[in-house]
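The structure appears below as structure tokens.
The values are calculated or read from the model by the stated rules, or taken from the named source; none is laboratory data. Model, not experiment: these values are computed from the prediction. We place every Cβ from the backbone using ideal geometry, glycine too, and count neighbours over all the protein chains shown. All accessible areas refer to the heavy atoms of the entire protein, side chains included, with ligands and DNA or RNA removed. Shrake-Rupley method; radii C 1.70, N 1.55, O 1.52, S 1.80 Å.
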Amino acid sequence: MLLTKADEQHPLGRRLRERRHELGMTLKEVADRAGLSVGFISQVERDLTAPSLSSLVSICKILKTDVGTYLQQPSLENSYSRTGLRQPFSLSREERPIRYERVSANFPGRKIRSVIMNIPPGYRSEVISHDGEEMMFVLSGEVSTSVDGNHVILHEGDSIHFPSTSPHQVWNSSQHTSVALWVGTQDLFGEDGKEN
């Protein structure tokens, strides 16, 4: 299910570009501060590519806006979630987009967020760096990772944990969908500063 708050008349990239113009910022300013490349920001704004969830959160932070302005994400009403009942969401209209499932709850004082990532064959994220730390644990398939230029292929049961300030990227070069649990400190759901 696509949960971006956009339509054909107001696609995500166009709305992000309009917000950047409102703030009088250049592509380079947004890219440098969000830990992304100018070319990538340009492609997102022209709706040529969809950002990963992490990149959208980073861009929104620089644009002083909430990710919830652009993305309708499922909430988690309980402290637990059940397999098969989580609502998957995506930021892309591609035929086989990366799909996320929220598994972390929201409560006062929480520090970490987590999602299950269903990564289709051929998916490649953009290179990004941002504040915080993150860990990925592969549940099935294989996930290629690059952190600070160090390339590691993770298989089922493997994990990686690193500071998010290191430039990082993930991709799936296999022929099958890979599934990984992502846990980190980045505010993926736009809940920081809101009452719980």
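Below is a table of values for the structure above.
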quantity: Protein accessible area in the stretch 78-196, 1.4 Å probe - carbon and sulfur %; calculated: 50
quantity: For the chain: rounded, prolate or oblate by the Cα gyration tensor [a/c cutoff 1.5]; calculated: rounded
quantity: Simple Cβ-charge dipole of the stretch 82-196, Lys/Arg +1 and Asp/Glu -1, about Cα centre, in debye nearest 20; calculated: 420
quantity: Relative contact order, percent, the chain [alpha-carbon distance under 8 Å, six or more residues apart]; calculated: 21
quantity: Amide proton proximity set for Y123, modelled H, under 5 Å, gap of 5+; calculated: N172
quantity: Helix-only CD estimate at 222 nm, as mean residue ellipticity for the chain, using -39500 (n - 2.57) per DSSP H run (n ≥ 4); calculated: -5500 deg cm²/dmol
quantity: Spin-label pair V152/E133, simplified geometry with 7 Å Cα→Cβ offset, distance in nm; calculated: 1.4
